[in-house]
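**Q** Have a look at this one before I ask anything.
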Amino acid sequence: MNEMYKGQERRKFKRVKVKLVVIYRKDQPLDVTIHEGTKEIKATMLDISEGGISILTEADIPVSTTILIRFTLIKTDKDHADFYGNMELRGEVRYNRLTGKSHRVGICFLDISDADKHNISDFVQTIESQPTKD
């Protein structure tokens, strides 16, 4: 279990640790100015599951904020790499914990397509089956 979290595990989907670049922006309603609606911020994805991700970012994103998340999953082995394509998913911030100067933010996917859910599930299974590097 994660040493930062001491409570009961509530996730429905298997989650694996990753270090991927994530770009996100607030999912603004149409009446918000373009400057706010188009601002993109880089973050590092810490883990992923079919249900969501956690990221590390310098931005303080309030809980319950709906954001758009964009990332690319690539499955690799020693012989080749498979490209799943760019994913852009809506998510809702479920928690925001300050860790030093950064925020660890948990995001639950909203309205995820079956194809994206399948690709993420396949990616998680691939990562999980690889030998760990100690």
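Please treat every number below as a calculation from the coordinates, not as lab data. None of the values given here were measured: they were computed from a predicted structure. Quick reminder, even Gly has a Cβ in these numbers, built from the backbone with ideal geometry, and neighbours come from all protein chains shown.
**Q** Just subtract the alpha-carbon distance of Gln125 and Lys101 from 0.36 nm times their residue separation and send over the number in nm, one decimal.
**A** Net length gain for the segment: 5.4 nm.
**Q** Let me ask something else. Using modelled backbone amide H atoms (1.01 Å from N, in-plane), which distant-in-sequence or interchain residues come within less than 5 Å of Val16's amide H?
**A** It is Ile48, by chain and number.
**Q** Still on this model: Asn86: net charge of surrounding residues, Cβ under 13 Å, Lys/Arg +1, Asp/Glu -1, itself excluded?
**A** Counting the neighbours of Asn86, the net charge comes to -1.
**Q** Another one. Would you pull out the residues with amide H under 5 Å of Thr65's amide H, same chain only if 5 or more places away, H placed 1.01 Å from N?
**A** Those qualifying (amide H under 5 Å, at least 5 residues apart or on another chain) are Val93.
**Q** Further, regarding this structure: Give me the number: length gained by fully extending Leu20 to Arg94, i.e. 0.36 nm times residue separation minus the C-alpha to C-alpha distance, one decimal in nm.
**A** 24.6 nm
**Q** Multiplying the sequence separation of Phe83 and Ser64 by 0.36 nm and subtracting their Cα-Cα distance, what value in nm do you get?
**A** Computed gain between Phe83 and Ser64 is 3.7 nm.
**Q** Return the FRET efficiency for the residue pair Ile41, Arg11: r is the Cβ-Cβ distance, R0 is 30 Å, and the value is rounded to the nearest 0.05.
**A** Efficiency, from the Cβ-Cβ distance: 0.75.
**Q** Too long at a 27 Å Cα-Cα cut-off: which of Lys39/Lys101; Lys17/Lys42; Lys12/Lys101?
**A** Lys12/Lys101, as the Cα separations exceed 27 Å there.
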